[in-house]
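The values are calculated or read from the model by the stated rules, or taken from the named source; none is laboratory data. Owing to the predicted nature of the structure, the values given are computational and were not obtained by experimental measurement. No Cβ is skipped: glycine too gets one built from the backbone with ideal geometry, and neighbour counts run over all protein chains shown. Ligands, DNA and RNA are excluded from the accessible area calculation, which covers all protein heavy atoms including side chains. Shrake-Rupley method; radii C 1.70, N 1.55, O 1.52, S 1.80 Å.
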Amino acid sequence: MDRHNWLAPFAMACLVLSAGMAMGHAFAMWIDTLPVGRVTQVDLVPTIAPADDRSGWSLFAFILRNNLAVYLLLLFGLVSAGAVTFVILLGNGIALGQVIGLARLSGMSNGTLVELLLPHAVLELGTLCIAGAVGFQGFRLVLGLSTVGGVSLRSLRLGLVLGFGVCALTTAAGVEAFVTAEFAK
């Protein structure tokens, strides 16, 4: 498969994730208009039991496990003609959009938000969009309907995508656990 066959699925993955983020952000803004009350910083402070307190390597393992689970679910689009990929990208976009919207409503500045997200989110979200592009290939990739023949070449490319994803998400989890978490304190 030449690179042009990957541009449309990658763009679609980015679009679905972005649309989900916009919907999640809009939902958070809508919640703030309800007559029950405004979102305050107190509303966003989680109550964490001591047993749930994660830091360092424990936080790293938690983040990596969750990101790898999302990554693998995105790849299930290969056998569901992209349906699972669409739902997972949209759902994760909505969740991220809500977090960003609620953080902004609580008074967090855009600069602080960027400082918290930028170090790990570019690598993490980029990797998830790459997995989304693979998932959107659906049966086309699995059944060999691609323009470049040979099962071994397709398997090699899929293996490279899997390897890249694991390495990139491991790096992103490390940055999130050891850099972003420290900055957030």
Distance in nm between label sites at N66 and L34, each 7 Å beyond Cα in the beta-carbon direction?
-> 2.2 nm
The FRET efficiency for F164 and T112, from their Cβ-Cβ distance with R0 = 35 Å and rounded to 0.05, is 0.70
Residue-wise HN-Hα coupling along segment 15-25, computed from phi with Karplus coefficients 6.51, -1.76, 1.60 (Hz; x: Gly, Pro) = 5, 5, 4, 5, 5, x, 4, 5, 5, x, 5
Per residue, how many Å² of accessible area does segment 53-96 show with a 1.4 Å probe?
-> 51 Å²
